[in-house]
Amino acid sequence: MYSYLLPEFAIERNEERCIRCRVCERQCATDVHYYDAEPDKMFFHEEACVGCQRCAVFCPTNALFIRPHPAEYRPNSSWNREKLQDLKKQAETGGVILTGSGNDKPYRIYWDHLVLNASQVTNPSIDPLREPMELKTFLGRKPNTLEIEFNELNGSEVKIKSELYPNVSITTPIVFSAMSYGAISYQAYKSLAMAAKKFGTLFNTGEGGLPLNMRKEYGSSAIVQCASGRFGVDPEYLNAACAIEIKIGQGAKPGIGGHLPGEKVSENIAVTRMIPQGTDALSPAPQHDIYSIEDLSMLIYALKEATNYEKPVSVKIAAVHNVAAIASGIVRAGADIVAIDGLRGGTGAAPKAIRDNVGIPLELALAAVDKRLREEGIRNKCSILAAGGIRCSADVMKAIALGADAVYIGTAALVAMGCTLCQKCYTGKCTWGICTQDPYLSKRLNPEITSQRLANLLRGWSHEIKEMLGGMGINAIESLRGNREHLRGVELAEWELDVLGVKGAGE
Amino acid sequence: MLMKKNYRSERHVPAKDIEACGLFGVMNIRGQKFGALMAIEAIKNIKVRGNGLGGGFAVYGLYPDYKDYYALHIMFQNKDIKAKEKTEDFLGEHFEIIFDEEIPTNPQVSLFCPPLVRRYFVAPKKGEAEQAIPDDEYVTSRVMYINTNIEDAYVFSSGKDMGVFKGVGFPEEIAAYFMLDGLYEGYIWTVHSRFPTNTPGWWGGAHPFSILDWTVVHNGEISSYGTNRRFLEMYDYYCTLHTDTEVMAYAVDLLMRRQGLPIEIVAKIFAPSMWDIIEHLPEKEKKLYTTLRMVYAPLLMNGPFTVIVAHHHEMFGLTDRIRLRPITAGAKDDLVFLSSEEAAIRYVCPDLDLVWTPQGGEPVVVRLNSEDHLKSLNKSI
Ligand code: SF4
Ligand code: SF4
């Protein structure tokens, strides 16, 4: 069948600059570029280009320009180009349209409508180059109060009598989000683990297990996931980690499961996931042993039993309409951490209809959850991890001021590794070596170098956070947590300010 | 415990008042009583710290004749007689009123809109079902009821054998108005001069801030206010005055009165050591300080502050963790002084035996019949 689709990208090669080195040909995973010896010239198949920009970056003479294709249908705000292309694609294939990475639709990005505060006159700002600035964060349940035994006469003999719950400490309130080995390459996965360890924070294994050879070295930096497919879950796996996460949902695809096609299930992935090589790894939409909050509670306590109550248990949910009530139930069910993944959270593969239309923005969900947990007096019974669309250090600050203990970053970490958000993760042909199991592509990532890029990102953001905190006159991150006084809204409607619990600028 | 005001959203919670202030406190560690003069003179000497929009005193050992009864100092805004009637009906219902009178004032001193201020010496009158409630809780909840439900009535203080005198004006004017010098004696005096940048000109808004016999005078701008306030709300403390002092007072009440923690530990919650320091402590202390910081992180008071807290038998001062608002301590014989300014202390006691500046986060604890205040001397700068 002849395709009616317009190419997504237009390629322009400056013939004068091109030295026919064929780098672009070797770099491209979709065989766009090819060489013809007869005229000694490079050619291309434009329709195969996904706009990953790998060739443009690697071309030694900067001869390549890849842009969105200029061809346009008659302008129509309702039936726009994307809608038309999708219709044609479906007419040709009869399938569900798949996509990768996060929601790219123009829903309001609240981060960009929130501004931060700084000190002037009445309290001094603090210079982070001269004074300590503390970002250390604890994830886990805190007791309501501490019962302390002390000697009246000698204040130094103090003993804590209250029972304490396991907490994990991280040096910066930024954690790498769940990305499974299988969805991403071993190299990308290992880079995350190495960077987390180097920086003193955590990475999340996703639902693909934790390879045996990595457990000793990186287990203490890992949050291991227990998802609906239960891939790779056994007592050793759980006990190797520093925290456990039950994945209920994902912001990019609330309510649906996952599918790792058999061709990606290589030997090592098969061993790690504990499934036969080459079989499809299907994660059901729900966890089939969790049809209610009591069932969730049973799983939480089963995992705690399996790990001798030594590790905090997190429950990750997608931000959906009644997220506040759900989060409250999760805390009451015994979770130590609630992770909320918003509308713009990323994915390796999701039906486009779902990615683009299901869920609510993280900012609103986060504010609502924090408010609800406080009203019920159970906010310190858990930590809140906010995920989905955190793009920069200022977003981290705003998330913390809205009530998060720390944030998960997924897409931002991928971009640091090279990702250009081409959204083709589901094809398995990631030219940047991230979302692929093709050894030719994945060897493009060298974990030594890539982990340094990730650590640099954490370092840069942490510095920026310290600068902003100092400007507010705060020298410990905990004093920003839930501190709406340091946020103001701009260009937001009444109801939005109300939900965020934030005053308008100038109010 | 306190009345919750229902806001549709946090967004409608009024903004916090910003203010700077001068503080002074003096205690005789043998419990000998003395007059108001020292407190008045000291605070007068740091006039620049106030702007005449609020001043107040707390006195301990004030009512020896009624020392077994709760002394309620209550103001009625605009001398509102209806508020007085309502309050007295309420008091009559919940307390035995042993004695009550208008607090004498000097008509020669003219101040901004003075309210009617009366004192009531009361004992709880508990119903059958309330027998198990401790007296202090009983009194606190009734006081909060008056403050939040009876319009134009506001309780300045509610402890035994102590009282708060405060209002809109410079502290020396308040002292003159209530004729503190001459009429009263106490073994602890704390005083506060206020410099609000936006004030409703309301007598209840002056400091000291008080719950039962606890009083707090405070100076500073707490940048963690929002975090602190929201944490305290989980323990049913709802801020009605929207000042840092109120947050500080509730935190003291929660940790010290309700949970019974000593100030030595509470200081490590309000102004904890840096992680770098904690990491290098011996194992046992490291664990203690790490746990305190982890659990009470939302009560870290971040930003510049100095606070002087008093209750019977104890007065203590504390400054923030990086000492952005220093506090000075001094001692002469049985008198121990605390102030935001050394000048204030030196002015009333030029021949001090000792004077020192404690480190950030190191409390100066002045206790009856003890030398605990000297502990902070070793760690001073
Ligand atoms: S990489 Fe650049 S220079 Fe090399 S063949 Fe491709 S377009 Fe030409
Ligand atoms: S990970 Fe790779 S395939 Fe996915 S969006 Fe990024 S560059 Fe594209």
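The values are calculated or read from the model by the stated rules, or taken from the named source; none is laboratory data. Since we're looking at a predicted model, the values are computed, not measured. Note that we place each Cβ from the backbone using ideal geometry, even for glycine, and neighbour counts take in every protein chain shown.
Just checking, which of A:Val115, A:Val168, A:Val175 is within 22 Å of A:Ala386 (Cα to Cα), assigned to a strand (DSSP E or B) and more than 22 Å from the chain's Cα centre (by Cα)? Exactly one residue qualifies, and that residue is A:Val115. Going through (1) modelled with pLDDT of 95 or more; (2) more than 22 Å from A:Leu457 (Cα to Cα); (3) surrounded by fewer than 21 Cβ atoms within 10 Å (Cβ to Cβ) one by one, A:Glu152 falls short only on (1). Scanning the stretch A:448-469 for residues that are crowded, with 19+ Cβ neighbours inside 10 Å and within 16 Å of ligand 2 (Cβ to nearest atom), we see that the one that is farthest from B:Gly303 (Cα to Cα) is A:Thr450.
If you go through the stretch B:328-354 and pick out every residue that is among the hydrophobic types (A, V, I, L, M, F, W, C), within 21 Å of B:Ser193 (Cβ to Cβ) and in contact with a Gly (Cβ under 6 Å, 6 or more places away or on another chain), you end up with 3. On inspection, B:Leu53 does not qualify as surrounded by fewer than 16 Cβ atoms within 10 Å (Cβ to Cβ), within 18 Å of B:Phe170 (Cα to Cα), among the hydrophobic types (A, V, I, L, M, F, W, C) and in contact (Cβ under 8 Å) with a residue 24 or more places away in the chain.
Among the residues of the stretch A:94-102, is there at least one that is more than 14 Å from chain B (Cβ to nearest Cβ), more than 29 Å from A:Thr411 (Cβ to Cβ), free of Cβ contacts under 8 Å to residues at least 24 places away in the same chain and exposed (fewer than 11 other Cβ atoms within 10 Å of the Cβ)? Yes: the stretch A:94-102 contains one or more residues that are more than 14 Å from chain B (Cβ to nearest Cβ), more than 29 Å from A:Thr411 (Cβ to Cβ), free of Cβ contacts under 8 Å to residues at least 24 places away in the same chain and exposed (fewer than 11 other Cβ atoms within 10 Å of the Cβ).
Selection over the stretch A:118-152 of residues that are more than 10 Å from every other protein chain (Cβ to nearest Cβ) and under 19 Å from the mean Cα position of the chain (by Cα) gives a count of 1.
Restricting attention to the stretch A:374-402, the residues that are buried (at least 24 other Cβ atoms within 10 Å of the Cβ) and either within 25 Å of B:Leu232 (Cβ to Cβ) or among the small types (Gly, Ala, Ser) (or both) total 15. Picking from residues in the stretch A:45-65 that are crowded, with 21+ Cβ neighbours inside 10 Å and outside any loop (DSSP other than H, G, I, E, B), the one that is farthest from ligand 1 (Cβ to nearest atom) is A:Arg54. Here the stretch A:400-417 is the region considered, the condition is being away from chain B (no Cβ under 14 Å) and in contact (Cβ under 8 Å) with a residue 60 or more places away in the chain, and the residue that is nearest to ligand 2 (Cβ to nearest atom) is A:Leu414. For A:Ala196, the stated conditions hold: it is aliphatic (A, V, I, L, M) and either within 24 Å of A:Val407 (Cβ to Cβ) or in a loop (DSSP other than H, G, I, E, B) (or both).
Here A:Gln437 meets the list (1) closer than 23 Å to A:Ala56 by Cβ; (2) outside any helix (DSSP H, G or I) almost entirely, failing just condition (1).
Does any residue of the stretch A:10-31 turn out to be closer than 28 Å to A:Ile434 by Cβ, touching a Leu at 6+ places or on another chain (Cβ under 9 Å), within 13 Å of ligand 1 (Cβ to nearest atom) and acidic (Asp, Glu)? Looking for residues that are closer than 28 Å to A:Ile434 by Cβ, touching a Leu at 6+ places or on another chain (Cβ under 9 Å), within 13 Å of ligand 1 (Cβ to nearest atom) and acidic (Asp, Glu), one finds at least one in the stretch A:10-31, hence yes. Out of all the residues in the stretch A:246-258, is one or more over 28 Å from A:Asp356 (Cβ atoms), in contact with a helix residue (DSSP H, G or I) (Cβ under 9 Å, 6 or more places away or on another chain) and of a type outside the set (Gly, Ala, Ser)? No, every residue in the stretch A:246-258 fails to be over 28 Å from A:Asp356 (Cβ atoms), in contact with a helix residue (DSSP H, G or I) (Cβ under 9 Å, 6 or more places away or on another chain) and of a type outside the set (Gly, Ala, Ser). With respect to the conditions (1) over 14 Å from the mean Cα position of the chain (by Cα); (2) crowded, with 22+ Cβ neighbours inside 10 Å, A:Arg215 lacks only one, and its number is (2). Looking at B:Arg325, B:Arg293, which one is over 28 Å from B:Asp136 (Cβ atoms) and touching a helix residue (DSSP H, G or I) at 6+ places or on another chain (Cβ under 8 Å)? Going through B:Arg325, B:Arg293 in turn, just one is over 28 Å from B:Asp136 (Cβ atoms) and touching a helix residue (DSSP H, G or I) at 6+ places or on another chain (Cβ under 8 Å): B:Arg293. Considering only residues in the stretch B:230-262 that are farther than 21 Å from B:His373 by Cβ and of a type in the set (A, V, I, L, M), the one that is farthest from the other protein chains (Cβ to nearest Cβ) turns out to be B:Ala249. In summary, A:Glu163 fulfils each of the numbered conditions (1) charged (D, E, K, R); (2) within 11 Å of chain B (Cβ to nearest Cβ); (3) assigned to a loop (DSSP other than H, G, I, E, B); (4) over 31 Å from the mean Cα position of the chain (by Cα) with the single exception of condition (2).
Among the residues of the stretch A:9-30, those identified as more than 20 Å from A:Gly418 (Cβ to Cβ) and assigned to a loop (DSSP other than H, G, I, E, B) are A:Asn14, A:Glu15, A:Glu16, A:Arg17, A:Cys18, A:Ile19, A:Arg20, A:Cys21, A:Arg22. The criterion of at least 2 residues that are touching a residue at least 24 places away in the same chain (Cβ under 8 Å) and under 17 Å from the mean Cα position of the chain (by Cα) is met, among helices (runs of 4 or more DSSP H) falling completely within the stretch B:259-310, by B:263-270. Just to be sure before I move on: is B:Tyr7 within 14 Å of chain A (Cβ to nearest Cβ) and among the aromatic types (Phe, Trp, Tyr) in the structure I sent? The answer is yes for B:Tyr7.
Any chance you could count how many residues in the stretch A:419-439 are on the phi > 0 side of the Ramachandran plot and modelled with pLDDT under 95? Going through the stretch A:419-439 one residue at a time, the tally reaches 1. Scanning the stretch B:263-311 for residues that are at the interface with chain A (Cβ under 8 Å from one of its Cβ atoms), hydrophobic (A, V, I, L, M, F, W, C) and in contact with a Leu (Cβ under 6 Å, 6 or more places away or on another chain) returns a single hit, B:Val295.
Criterion applied to B:Leu281, B:Leu354 was being surrounded by fewer than 20 Cβ atoms within 10 Å (Cβ to Cβ) and within 25 Å of A:Glu157 (Cβ to Cβ), and the one residue passing it is B:Leu281.
Residue pairs whose Cβ atoms lie under 7 Å apart, sitting 6 or more positions apart in sequence or on different chains, and linking a residue in the stretch A:419-430 that is in a loop (DSSP other than H, G, I, E, B) to a partner that is polar (S, T, N, Q) and within 16 Å of ligand 1 (Cβ to nearest atom), are A:Thr420/A:Gln53; A:Lys429/A:Thr30. If you go through the stretch A:25-55 and pick out every residue that is within 27 Å of A:Tyr4 (Cα to Cα) and within 16 Å of ligand 2 (Cβ to nearest atom), you end up with 13.
In summary, strands (runs of 3 or more DSSP E) completely within the stretch B:119-199 and bearing 3 or more residues that are buried (at least 24 other Cβ atoms within 10 Å of the Cβ) and modelled with pLDDT of 95 or more occur at B:162-167, B:188-196. One residue stands out in the stretch A:422-431 among those that are closer than 14 Å to A:Ile184 by Cα and away from ligand 1 (no atom under 16 Å from the Cβ): the one that is surrounded by the most Cβ atoms within 10 Å (Cβ to Cβ), namely A:Cys430.
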